[in-house]
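**Q** Take a look at the following structure, please.
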Amino acid sequence: MSGLRIEKHPILSIPKRKKIGLYWNNQKLQAYEGEVISSALFASGIRVFGHHVKDHSAQGMFCANGQCAQCTVIANGIPVKACMSKVEENMVVQSVEGLPELPKVIDNFHFSKTKKIETDVLIIGGGPAGLSAALQLGEKGIKTLIADDKDRLGGKLVLQTHKFFGSIDDCYAGTRGIEIAEILEDKIRSYNSVNIWLNSTAMYVFSDKKVGVITNGNQYRIINPKIVLNAAGAREKSLIFPGNTLPGVYGAGAFQTLVNRDLVRPARRLFVVGGGNVGLIAAYHALQAGIDVAGLVEALPQCSGYKVHADKIKRLGVPIYTRHTIVSANGNEHVESITVGKINDSFKPIASTERTYECDTVLIAVGLNPVDEFYKEAEQAGIKIFAAGDAREIAEASSAMFNGKIAGMEIARGLGKEDKPIPKTWYQKVNILNTPPGVEQAPDYDSFPEENITPVFHCTQEIPCNPCVSVCSKGVISIPGDSLLGKPQIANNDCIGCNKCVFICPGLAISLVDYRDDPNNPVVSIAYEVHNYEYKKGDPALLTDCEGNPLEEAVVIDTVINKASKKTQIIKVRVPKEIAKRVAGFRIQRDEVTLPKKEITLDNAPDDAIVCRCERVVAGEIRKLIRKGIKDLNQIKAITRAGMGACGSKTCENLILQLFKEQGVPLEEVTLSTIRPVFVEAPFGVFSNISSGRRDEKTL
Ligand code: FES
């Protein structure tokens with residue numbers, strides 16, 4: 001398993017896990033107890049999980065979040081989603097070649113009664129928003145049930161190895177997402193009125209105002225809540241391009257799940273499509289896991305994510321191509337390369353600008369859609385329902401925590417357990433945390449003194465973030481005007497070189513320049529978190545400015561990592577004073593990683609690109625129907641089967657809507673698909689709580 005398992009990581013600890021065996025298409029493999037099937041397969045180098053019934057094309061994982069059903073395999077005779085099902089000792093797993101066979105009829109089974117559970121509040125999703133809401137409810141002793149489909153609380157927080165933005169008091173700024181998840185969980189578990197169900201999927205909201213939940217894969221429960229909070233998060237959007245269903249093309253969030261949660265190294269070299277925060281952070285997480293990043297394309301003239309995130313990866317040697325898009329993912333059974341090209345102001349490809357880069361993985365990071373089907377159905381059923389986090393509005397996790405807190409208070413008030421009004425400042429803070437990044441400006445390095453010791457700020461864009469101000473005990477750093485949104489400035493010359501601001505900055509955008517020893521050749525301290533590329537005293541480092549432009553090669557004179565640094569390392573170099581304030585990082589990636597393979601012009605027709613990955617329906621088929629005047633997704637589904645597959649149109653509906661837009665049909669004129677129960681696939685027997693004696697049947 002060596003090489004494909006992450007055995008060393010700058011931020012994550014590697015737990016000791018028990019090895020177990022499993023069989024994949026009759027071949028014995030090794031897995032870790034408690035991990036999901038897809039990660040065990042990836043760790044053994046298996047990324048093709050089957051072949052589609054319609055065109056026999058290879059298929060593998062896409063979302064790693066139970067949303068797309070592309071990862072279906074047969075485990076002990078039953079079709080399951082490999083990304084959601086845990087490996088069992090000596091489990092027999094087979095690829096799905098065509099349509100999976102129905103499981104054999106069990107003759108040794110019994111039905112059991114479905115348990116009915118009363119609760120004041122049901123929270124669907126134990127991520128940042130759900131947990132923050134539960135904290136409010138727990139404090140007031142309100143009977144609350146959290147149902148989360150994963151095996152641990154935290155949602156997307158458990159994938160985040162980087163530090164959070166915002167403010168320390170409001171949303172743990174400067175603390176890593178994985179640590180915030182632990183803090184929230186510890187607090188929640190101290191409240192007796194909050195019950196937590198892990199591995200539990202909310203299946204549907206019924207017209208009698210009850211919610212069906214399957215827990216541990218085989219126990220069906222009916223919940224009767226007074227109020228529901230939908231904090232189910234978001235699902236990743238897909239894109240239409242030739243090769244979009246090839247194994248090796250997957251969502252950036254799926255990649256973070258494999259790398260940061262399951263400690264699997266699923267790629268040797270990858271390319272990212274999308275320059276929002278998710279794509280930029282995924283590229284950074286890849287480097288932390290020792291994976292090369294050949295580049296990132298963004299269709300807009302500038303990345304929509306924070307500039308500090310973009311700068312961080314540019315400094316490490318990842319090129320970002322704005323006004324570019326993916327032309328195709330290329331390969332036979334798996335991604336072997338990506339072709340990208342320039343686009344014009346109307347987002348149309350510019351001929352003969354295509355370049356192909358070698359990579360085995362393409363990450364799609366083009367945005368998220370709220371998981372809001374519960375909300376819509378609950379509203380129709382007349383249940384009182386609230387939404388928080390990404391299920392309400394796609395935003396940063398810091399904002400999700402805050403609007404979860406507000407939702408918790410609103411629910412408590414709705415139940416008559418809270419009289420106080422919700423402070424207006426809470427709503428103002430959510431707005432601030434949701435503020436999109438401001439205009440990028442050139443750094444004003446002349447404003448920093450050239451004596452004593454001084455922090456230098458390389459963040460040149462207004463974003464909601466101020467932990468550097470909070471940690472400075474000498475008041476050296478201030479933010480004028482709004483305390484969260486402005487850019488940090490030097491307030492006095494009292495810096496003592498404690499490095500606290502360098503350690504806490506989530507964008508790694510503060511360096512410290514120390515002129516005390518030698519004013520003409522000061523020492524610069526830079527924050528560093530990619531220890532797979534280890535730097536030690538005496539090593540050469542190609543220094544760069546904040547945007548990754550090379551400055552000069554220097555020698556590392558010292559490195560610092562200690563308890564206070566919380567896994568951020570400081571690399572010290574001595575440089576001429578003329579460049580000292582501009583030094584913001586150093587390059588770690590070799591140039592050859594980022595060079596294009598060869599110039600090619602593709603003749604793939606976009607009409608060939610797959611829109612519905614479950615039923616392999618291509619864009620051309622749908623365009624034809626739109627041009628004929630069809631504006632109802634249900635009709636398109638009936639004619640082409642698009643949206644009829646296992647994922648229940650969670651992946652393709654958004655893509656079909658894009659085709660309507662492309663064909664000039666206003667979306668207000670389009671009839672959406674009728675939602676049918678249930679939201680998530682489950683074997684029929686589960687609803688009668690059938691048990692065969694084969695599975696672990698702990699009851700709740
Ligand atoms: S990859 Fe498993 S459901 Fe999408």
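The values are calculated or read from the model by the stated rules, or taken from the named source; none is laboratory data. Keep in mind that this is a model prediction, so the values were computed, not measured. Cβ: placed from backbone, ideal geometry, glycine included. Neighbour counts: every protein chain shown. SASA here: full protein model, heavy atoms, side chains in, ligands and nucleic acids out. Shrake-Rupley method; radii C 1.70, N 1.55, O 1.52, S 1.80 Å.
**Q** Using the Cα centre as the reference, give the magnitude of the dipole from point charges on the C-beta atoms of the range 568-672 (Lys, Arg: +1; Asp, Glu: -1; all else neutral), rounded to the nearest 20 debye.
**A** 700 debye
**Q** So, one more: HN-Hα J couplings of the range 110-117 from phi, Karplus 6.51/-1.76/1.60, θ = phi - 60°, integer Hz, Gly and Pro as x?
**A** 9, 8, 10, 5, 7, 6, 10, 10
**Q** Further question: When the helix-only estimate is applied to the chain (DSSP H runs of n ≥ 4, each -39,500 (n - 2.57), divided by the residue count), what is the mean residue ellipticity at 222 nm, nearest 500 deg cm²/dmol?
**A** -5500 deg cm²/dmol
**Q** Further, regarding this structure: Could you state the principal axis extents of the C-alpha atoms in the range 99-206, from the largest down, to the nearest angstrom?
**A** Principal axes ranked by extent give 58, 38, 23 Å for the Cα atoms.
**Q** Which Cα, out of VAL340, LEU22, THR356, lies furthest along the positive dipole direction of the chain (beta carbon charges, K/R +1, D/E -1)?
**A** So the residue we want is LEU22.
**Q** Could I ask something else about it? How much of the DSSP bridge set in the chain is antiparallel, in percent, rounded to the nearest 5?
**A** 65 percent
**Q** Now, a different point. Taking 7 Å along the Cα-to-C-beta vector as the label spot, tell me the LYS187-ILE106 distance in nanometres, rounded to one decimal.
**A** 4.1 nm
**Q** Determine ³J(HN,Hα), in whole Hz, for all residues of the range 639-649 in sequence, where each value follows from phi through the Karplus function 6.51 cos²θ - 1.76 cosθ + 1.60 and θ = phi - 60°; x replaces Gly and Pro.
**A** So the J values, rounded to whole Hz, are 7, 9, 6, 5, x, 9, x, 5, 7, x, 6.
**Q** Provide THR568, THR353 ordered by accessible surface of protein heavy atoms (probe 1.4 Å), highest first.
**A** Listed by decreasing accessible area, they come as THR353, THR568.
**Q** For the range 501-637, with only Lys/Arg (+1) and Asp/Glu (-1) charged at the beta-carbon, what is the dipole magnitude about the Cα centre, in debye rounded to 20?
**A** The dipole of the range 501-637 has a size of about 700 debye.
**Q** Just flag the trypsin sites (Lys or Arg not before Pro) in the range 67-105 sitting in loop per DSSP whose Cβ has no more than 13 other Cβ atoms within 10 Å.
**A** Sparse-neighbourhood loop trypsin sites (Lys or Arg not before Pro): LYS104.
**Q** With no solvent and one point on each alpha carbon, what is the Debye value of log10 I(q)/I(0) for the range 436-549 at q = 0.13, 0.16, 0.24 Å⁻¹?
**A** For the range 436-549 at q = 0.13, 0.16, 0.24 Å⁻¹, log10 I(q)/I(0) is -0.52, -0.79, -1.57.
**Q** Which value in nm describes the separation of the simple spin-label points at ASN654 and LEU99, placed 7 Å from the Cα toward the beta carbon?
**A** Here the modelled spin labels are 3.0 nm apart.
**Q** For SER346 and PHE206, compute 0.36 nm times the residue count separating them, minus their Cα-Cα distance, and round to one decimal in nm.
**A** Here the answer is 45.9 nm.
**Q** Per residue, how much accessible area does the range 386-482 have with a 1.4 Å probe, in Å²?
**A** On a per-residue basis, the range 386-482 sits at 46 Å².
**Q** Please work out the average accessible area per residue across the range 55-109, using the 1.4 Å probe convention, and give it in Å².
**A** Counting only protein heavy atoms, the per-residue value for the range 55-109 is 49 Å².
**Q** Obtain the radius of gyration and the Kirkwood radius of the chain from its C-alpha atoms and give Rg over Rh.
**A** Using only Cα positions, Rg/Rh for the chain is 0.97.
**Q** Hey, another quick one. Looking at the range 72-121, which GluC sites (Glu not before Pro) are DSSP coil and have at most 14 other C-beta atoms within 10 Å of their C-beta?
**A** Passing both the DSSP loop test and the Cβ count: GLU89, GLU101.
**Q** Any chance you could give the angle, 0 to 90 degrees and rounded to 10, that helix 653-662 forms with the longest Cα principal axis of the chain?
**A** Result, in degrees: 70.
**Q** Tell me, in nm to one decimal, what length is gained between LEU198 and GLU592 on full extension, where the rule is 0.36 nm per residue of separation less the Cα-Cα distance?
**A** My answer for the length gained is 137.4 nm.
**Q** Using unit Cβ charges (K, R positive; D, E negative) and no other charged atoms, how large, in debye to the nearest 20, is the dipole of the range 372-466 about its Cα centre?
**A** Around 820 debye, computed over the range 372-466.
**Q** Here's another thing I want to ask about it. How far is it, in nm, from the label point at GLU393 to the one at LYS18 when both lie 7 Å from their Cα along the line to the Cβ?
**A** Distance between the two pseudo-spin positions: 4.7 nm.
**Q** Mind checking the alpha-carbon convex hull of the range 170-292 and giving the volume per residue in Å³?
**A** Enclosed volume per residue, from the Cα hull, is 189 Å³.
**Q** Compute the acute angle (0 to 90°) between the alpha-carbon long axis of helix 177-189 and the principal axis of greatest extent of the alpha-carbon atoms of the chain; round to the nearest 10°.
**A** Orientation of helix 177-189: about 60 degrees from the principal axis.
**Q** Here is a further query. Would you kindly derive the ³J(HN,Hα) couplings of the range 41-54 from the backbone phi angles with the Karplus curve 6.51 cos²θ - 1.76 cosθ + 1.60 (θ = phi - 60°), listing them in order in whole Hz, with x for Gly and Pro?
**A** Per-residue couplings from phi come out as 5, 4, 5, 9, x, 9, 10, 9, 9, x, 9, 6, 5, 7 Hz.
**Q** With the other protein chains left in place, how much accessible area per residue, in square angstrom, belongs to the range 154-297 at a 1.4 angstrom probe?
**A** That works out to 25 Å² per residue.
**Q** Turning to a different aspect of this structure: Quick one: check the C-alpha center-to-center distance for the range 212-273 versus the range 450-481, whole angstrom.
**A** So the separation of the two Cα centres works out to 37 Å.
**Q** So for ASP292, ASP186, what's the accessible-area order with a 1.4 Å probe, most first?
**A** Solvent-accessible surface, decreasing: ASP186, ASP292.
**Q** Now for a separate question. Between LYS140 and LYS424, how high is the FRET efficiency from 1/(1 + (r/R0)^6) when r is the Cβ-Cβ distance and R₀ = 22 Å? Nearest 0.05.
**A** According to the calculation, E is roughly 0.60.
**Q** Among 167-173, 73-79, how do they line up from the highest to the lowest mean number of other beta-carbon atoms within 10 Å?
**A** The densest-packed peptide leads the list: 167-173, 73-79.
**Q** Ignoring any ligand, DNA or RNA, what whole percent of the accessible area of the chain comes from carbon and sulfur when the probe is 1.4 angstrom?
**A** Its accessible area is 50 percent carbon and sulfur atoms.
**Q** Using modelled backbone amide H atoms (1.01 Å from N, in-plane), which distant-in-sequence or interchain residues come within less than 5 Å of ILE123's amide H?
**A** LEU145, ILE146, ALA147, LEU229
**Q** With every protein chain kept in the model, how would you rank PHE206, PHE49 by accessible area, 1.4 Å probe, largest at the top?
**A** These residues rank, largest area first, as PHE206, PHE49.
**Q** While we're on this one: Report the trypsin sites (Lys or Arg not before Pro) located in the range 542-645 that are in a DSSP loop and have at most 14 other Cβ atoms inside 10 Å of their Cβ, or state none.
**A** Within the range 542-645, the qualifying trypsin sites (Lys or Arg not before Pro) (loop, at most 14 other Cβ atoms within 10 Å) are ARG590, LYS628.
**Q** Oh, and also: I'd like the orientation of helix 424-433 relative to the chain: the angle between its Cα long axis and the longest Cα principal axis, in ° from 0 to 90, rounded to 10.
**A** 80 degrees
**Q** Right, another one. Given that compact globular proteins tend to follow 2.2 N^0.38 Å, what is the ratio of the alpha-carbon Rg of the range 43-163 to that value?
**A** 1.40
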